[in-house]
Amino acid sequence: MNNFSYTKVSTADQAVLEINGDIRNKIVAGGTNINDLLKYFITKADKLVDINPIIENNSITRLEEGGVRLGALHTNAATAYDPIIEERYPLLSKAILAGASAQIRNMATNGGNLMQRTRCYYFYDTSTPCNKRDPGSGCSAIKGYNRIHAILGQSENCIAVFPSDMCVALAALDAKVNINGPEGERVLAFAEFHRLPGDTPNIDNNLKHGEIITSIDLPEKGFEKNYSYLKIRDRSSYSFALVSVASGFDIQNGIIKEARIALGGVAHKPWRVKEAEDFLKDKEPNRENFSQAAHIILEGAKGYEHNSFKIELAKRAIVRNCLMALMPDSQRPGAKPSL
């Protein structure tokens with residue numbers, strides 16, 4: 001273990017000062033990912049800034065305009081079981097409870113969920129080339145064992161995927177990320193927070209160094225009547241998604257007035273295709289239309305030796321999850337398919 005200093009702060013402004021724009025100073029909250037990264041020598045730190053005492057970032061509050069604000073330091077478990085979230089944003093609650101284990105969800109924070117890094121095997125194996133860990137060294141996954149890797153939005157430099165379940169639901173809900181930093185406060189639309197790998201796969205998101213996430217805002221509309229989260233994985237718990245789907249619909253008189261479909265496990269960020277959602281508008285919610293939307297979402301998908309199956313799997317998962325969203329009561333715990 002490398003030596004590092006440790007300090008606690010009680011305000012977001014203090015955290016920004018302690019980070020001081022130095023890339024070797026790191027934030028720690030729940031610690032469920034950064035502790036691994038430090039122990040495996042993937043991330044190095046001169047200083048850890050513990051932001052857990054920042055009380056104002058650890059709550060769930062109603063917003064005047066009708067939405068809800070999730071504190072960045074509120075835990076995943078507390079968020080998923082909060083009565084407001086269960087009632088108004090059940091899609092988010094189900095997605096959170098599909099992730100990790102109960103023990104990890106009790107420690108992991110909402111802000112940390114957005115900041116977690118890929119679980120690509122080669123990223124964690126420091127004996128292999130990895131452009132995300134060591135820019136310019138190459139991507140071992142492209143010609144390696146790439147079963148869990150990207151089929152959409154990848155580049156010749158990286159085919160890693162973003163592992164979160166919670167963020168797939170946040171993408172579908174059109175959340176916003178509130179940020180504090182050296183240049184003051186700013187807000188990022190959730191779709192603009194995470195990045196595709198391009199030529200800089202080492203950069204996961206558009207948070208500038210020295211900035212911290214203070215909260216996440218959910219809009220008023222939560223799609224609480226027609227929603228579903230489906231997670232397909234190699235084992236039924238404590239496993240990352242091969243493909244996951246978050247669906248939400250506003251259906252009036254048997255016609256879709258608004259559709260949201262986001263995918264996880266297939267790209268470097270939660271994946272949404274507006275053209276597919278627009279296609280479903282003013283159409284009947286049936287298998288044929290959902291199948292057409294799935295084909296639109298997967299246009300341009302590219303598989304590799306071990307993960308080409310994910311293209312067809314994603315199409316089927318989209319159709320099944322959209323049908324499940326018509327009957328939310330039929331869904332089983334753990335984001336499993338309806339019986």
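The values are calculated or read from the model by the stated rules, or taken from the named source; none is laboratory data. From a predicted model like this one, the values you see are computed outputs, not experimental measurements. Every residue, glycine as well, gets a Cβ built from its backbone with ideal geometry; the counts of neighbours run over all protein chains shown. Areas reflect the complete protein model, heavy atoms only, side chains present, ligands, DNA and RNA absent. Shrake-Rupley method; radii C 1.70, N 1.55, O 1.52, S 1.80 Å.
The table below lists the values:
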{"item": "Share of alpha-carbon pairs per 10 Å distance bin for the stretch 5-53, given as whole %", "result": "28, 56, 16, 0"}
{"item": "Qualifying aspartates and glutamates (Cα of each under 14 Å from Cα of Lys47; at least 8 residues distant if same chain)", "result": "Glu18, Asp22"}
{"item": "Entries in Lys94/Lys302; Lys44/Lys143; Lys274/Lys310; Lys274/Lys315; Lys283/Lys315 that, when Cα-Cα distance is taken, lie over 26 Å", "result": "Lys94/Lys302; Lys44/Lys143"}
{"item": "Label-point gap, in nm, between Lys47 and Ile255 - each point 7 angstrom along Cα→Cβ", "result": "6.0"}
{"item": "Cross-link reach list, aspartates and glutamates versus Lys231, counting only Cα pairs under 16 Å and skipping chain neighbours closer than eight places", "result": "Asp165, Glu312"}
{"item": "Equivalent ellipsoid semi-axes, the stretch 53-149, via Cα gyration tensor eigenvalues times 5, rooted, Å", "result": "35, 15, 12"}
{"item": "Size-normalised alpha-carbon gyration radius of the stretch 227-330, reference 2.2 N^0.38 Å", "result": "1.05"}
{"item": "Too-long pairs where the Cα-Cα distance tops 18 Å, listed order kept, from Lys176/Lys336; Lys176/Lys257; Lys39/Lys269; Lys176/Lys221", "result": "Lys176/Lys336; Lys176/Lys257; Lys39/Lys269"}
{"item": "Alpha-carbon gyration tensor eigenvalues x 5, square-rooted, for the chain, Å", "result": "32, 25, 17"}
{"item": "Taking all pairs of distinct alpha-carbon atoms in the stretch 177-269, Kirkwood radius in angstrom", "result": "16.0"}
{"item": "Area of Lys283 that stays accessible when all protein chains are in place (1.4 Å probe, Å², to 10)", "result": "70"}
{"item": "Derived scalar couplings ³J(HN,Hα) [the stretch 147-154; Karplus, 6.51 cos²θ - 1.76 cosθ + 1.60; whole Hz; x for Gly, Pro]", "result": "4, 9, 8, 6, 10, 9, x, 6"}
